[in-house]
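Participant: Here it is: the structure, laid out below.
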Amino acid sequence: MKALPTAKPTAAALTIAIDGPAAAGKGTLAKRLAVHYALPYLDTGLLYRAVGRRAAEAGIDLDDPQAAGAVARALEPSALDDGSLRGREAGELASRIAVHPPVRAALVAFQRGFAARPEGAVLDGRDIGTVICPHAQVKFFVTASPEVRARRRTDELAAKGRDVDYETILAEVRERDRRDAGRAEAPLKAAPDAHLLDTSEMDIETAFRAACDLVDRVLAERGGA
Ligand code: DC
């Protein structure tokens, strides 16, 4: 995937990196922060979802690193506009192809280019604070227990009228954690300087306020420097 042409980031640029496991609420938090600070937002999971979907459609072996890497290199940004990528099935495909180094390498430039926009950006994923934007001004690691994440996901799907079973979703959440955190390349893990937000017993409003307090502090320090 090609990098987008970008201008040089300004001194006032603010990059917010958000990582965490599936269904921890990081997407919701990232979107709210992006609106609040008027920053562009990139859901990097969509890149992996689009590659997984394309590879499956082309009948490619998802366990073949080179074949999956070629799909990632050919990806166009317009592929991210497909709303169906947010479903469970694309998430599973994404987690499988995301273990391959050639896939990850093909998606780095696009993500770094997005993060280097003049005004800054909010990116969420698994390796944003560790690999994609190690110099982000603010990093969050958003997590919650597998049981809480599975409960939220089950309720969310049930609200959309889907017939889902909590135990099945919990098994999926655990399997995704195992794959995302266990892979050799860019595994899911908190950057040493990331702020931990455990949302197990916190609603999104509380998490959002805690995150804003931190970003405001960083901005105030920078303003006073
Ligand atoms: O955030 P998500 O559920 O849309 O991500 C789907 C999968 O994509 C996730 O299980 C692992 C992979 N992924 C990744 O490896 N690195 C990222 N920065 C984002 C997602």
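Participant: With every protein chain left in place and a probe of 1.4 Å, what is the accessible surface of S84, to the nearest 10 Å²?
Facilitator: We get 60 Å² for S84.
Participant: For E175, what accessible surface area do you get with a 1.4 Å probe? Give it in Å², rounded to 10.
Facilitator: About 60 Å², ignoring ligands and nucleic acids.
Participant: Bin width 10 Å, alpha-carbon pairs only: give the P(r) of region 96-158 as whole percents, running from 0 to the bin holding the largest distance.
Facilitator: Cα pair-distance distribution for region 96-158, in percent: 17, 37, 31, 15, 0.
Participant: Using a 1.4 Å probe, what is the accessible area per residue for the chain, in Å²? Kindly include the intermediate steps, with their values, before the conclusion.
Facilitator: Values: 10740 Å² over 225 residues.
Per residue, the chain has 48 Å² of solvent-accessible surface.
Participant: If you build a Gaussian network model of the chain, linking Cα atoms that sit under 10 Å apart, which residue out of A158, A190, A23 swings the most?
Facilitator: The residue that fluctuates most here is A158.
Participant: What are the residues whose amide H is under 5 Å from the amide H of G25, where those residues sit 5 or more places off or on another chain and H is modelled from the backbone?
Facilitator: Under 5 Å from the amide H of G25 lies no amide H from a residue far enough along the sequence or on another chain.
Participant: Relative contact order for region 65-117 using alpha-carbon pairs under 8 Å, separation at least 6, rounded to a whole percent?
Facilitator: Working: 29 pairs, mean separation 29.8, N = 53.
With pairs under 8 Å counted, the relative contact order is 56 percent.
Participant: I've got another one for you. Quantify, in whole percent, the carbon and sulfur part of the accessible surface of the chain (1.4 Å probe; protein heavy atoms only). Don't skip to the answer; put the middle values down first.
Facilitator: Details: 5800 of 10740 Å².
Roughly 54 percent, rounded to a whole number.
Participant: Bin width 5 Å, alpha-carbon pairs only: give the P(r) of region 113-225 as whole percents, running from 0 to the bin holding the largest distance.
Facilitator: Result returned by the calculation: 2, 10, 15, 18, 19, 15, 11, 6, 2, 1, 0.
Participant: Let me ask something else. Going through the DSSP H helices of the chain, which span 20 Å or more along their own axis at the Cα atoms while scoring at least -0.5 as a mean Kyte-Doolittle hydropathy? Each step should come with its number before you reach the end.
Facilitator: On the way: long enough: 101-115 (21 Å, 0.59); 166-182 (23 Å, -1.28); 204-224 (30 Å, 0.19).
Membrane-span-like by this criterion, though nothing is claimed about a membrane: 101-115, 204-224.
Participant: A further question follows. Output needed: percent of Cα pairs per 5 Å distance bin for the chain, bins running from 0 to the one holding the longest distance.
Facilitator: Reading upward from the zero bin: 1, 7, 14, 19, 20, 17, 12, 6, 2, 1, 0, 0.
Participant: Mind checking which of T130, A194, A144 is farthest towards the positive end of region 117-225's charge dipole, using Cβ charges of +1 (Lys, Arg) and -1 (Asp, Glu) about the Cα centre?
Facilitator: T130
Participant: Right, next: Roughly how large, in nm² to one decimal, is the mean projection of the convex hull of the alpha-carbon atoms in region 72-116?
Facilitator: Numbers: hull surface 13.9 nm².
Its Cα hull, projected and averaged over all orientations, spans 3.5 nm².
Participant: Same structure, new question: Please report the accessible area of R217 (heavy atoms, 1.4 Å probe, ligands and nucleic acids excluded) in Å², nearest 10.
Facilitator: Here the accessible area works out near 140 Å².
Participant: Which number gives the lysine pairs in the chain that have C-alpha atoms under 18 Å apart and are eight or more places apart or on different chains?
Facilitator: Details: K26/K139; K26/K189; K31/K139; K139/K189.
Eligible lysine pairs with Cα atoms under 18 Å apart amount to 4.
Participant: Moving to a separate point now. Which FRET efficiency value, to the nearest 0.05, is calculated for A171 and A3 with the Förster distance at 41 angstrom and r the Cβ-Cβ distance? Kindly include the intermediate steps, with their values, before the conclusion.
Facilitator: Details: r = 37 Å, r/R0 = 0.91.
Efficiency computed from Cβ-Cβ geometry: 0.65.
Participant: Jot down the radius of gyration and Dmax of region 25-120, Cα atoms only, both in angstrom.
Facilitator: For region 25-120, the Cα-based Rg and Dmax read 13.8, 42 Å.
Participant: Just need the relative contact order of region 1-113 here, percent rounded to a whole number, with Cα pairs under 8 Å and 6+ apart.
Facilitator: Values: 120 pairs, mean separation 41.8, N = 113.
Rounded, it is 37 percent for region 1-113.
Participant: Let me know the Rg and Dmax you get for region 60-164 when you use only its Cα atoms, in Å.
Facilitator: Gyration radius and largest Cα-Cα distance of region 60-164: 16.1, 45 Å.
Participant: What percent does the relative contact order of the chain come to when contacts are Cα pairs within less than 8 Å and at least six residues apart? All intermediate terms of the calculation are to be shown ahead of the outcome.
Facilitator: On the way: 376 pairs, mean separation 71.5, N = 225.
The value is 32 percent.
The values are calculated or read from the model by the stated rules, or taken from the named source; none is laboratory data. For clarity, every value in this text was computed on a predicted model and none was experimentally measured. Because the Cβ atoms are built from the backbone with ideal geometry, glycine has one as well, and the counts that use them run over all protein chains shown. Heavy atoms of the whole protein, side chains included, go into the accessibility calculation; ligands, DNA and RNA do not. Shrake-Rupley method; radii C 1.70, N 1.55, O 1.52, S 1.80 Å.
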